[in-house]
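Have a look at the structure below before the remarks.
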Amino acid sequence: MFQILRYIWASPNTLAGLLVVAVAICSGGQAQIRAGVIECHGGLVGRFLCLSFINAAAMNLGHVIVARDLRYLNACRKHELAHVKQAEQWGPLFGITYVMCGIVAALRGRRFFQDNWLEQQALKSGGEVDLRFHYQSERRAPRA
Ligand SMILES: [Zn+2]
């Protein structure tokens with residue numbers, strides 16, 4: 001019962017994620033359902049995440065995880081699932097909350113992603129990630 005409410009609460013972000021999944025599949029990417037989450041990688045979405053101003057290994061949109069490719073997905077899955085739990089808690093406010101936490105970190109002279117409160121919480125809750133793939137944007141490598 002409560003899990004259904006979590007899906008409903010996160011559904012605005014998940015709907016955006018489903019559009020991303022459609023773009024990925026239509027452009028040669030792949031998708032799968034695993035642990036109650038839709039995972040997709042590759043296609044135009046994979047290339048989008050590689051753009052220098054994005055430079056992300058993976059990200060979540062509600063109950064959707066998107067990644068550059070399968071290797072990045074496997075490396076970042078556990079961490080992104082921690083973000084999915086956050087998306088279930090924050091619902092439609094997750095995106096703006098994430099940005100606000102990054103702005104607060106930056107205003108304190110810290111790093112937008114690495115010192116973002118939601119990133120710290122994801123890491124503390126067991127969402128560790130292969131550091132070769134995570135938080136590397138300041139060093140010109142992908143983040144998750
Ligand atoms: Zn993260």
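Here are a few things to note about the model shown:
- Each peptide in 12-18, 26-32 was scored by the mean count of other Cβ atoms within 10 Å over its residues; highest first, the order is 12-18, 26-32.
- Whole-percent carbon and sulfur share, accessible surface of the chain, 1.4 Å: 65
- Among the helices of the chain, those built from whole DSSP H runs whose Cα atoms reach 15 Å or more along their own axis and whose mean Kyte-Doolittle hydropathy is at least -0.5 are 2-26, 94-107.
- Accessible surface, per residue, of the chain when the full set of protein chains is kept, probe 1.4 Å, Å²: 55
The values are calculated or read from the model by the stated rules, or taken from the named source; none is laboratory data. Not measured: the values here are computed from a predicted model. Methodologically, a virtual Cβ is constructed for each residue, glycine included, from the backbone with ideal geometry; neighbour enumeration extends over all protein chains shown. Heavy atoms of the whole protein, side chains included, go into the accessibility calculation; ligands, DNA and RNA do not. Shrake-Rupley method; radii C 1.70, N 1.55, O 1.52, S 1.80 Å.
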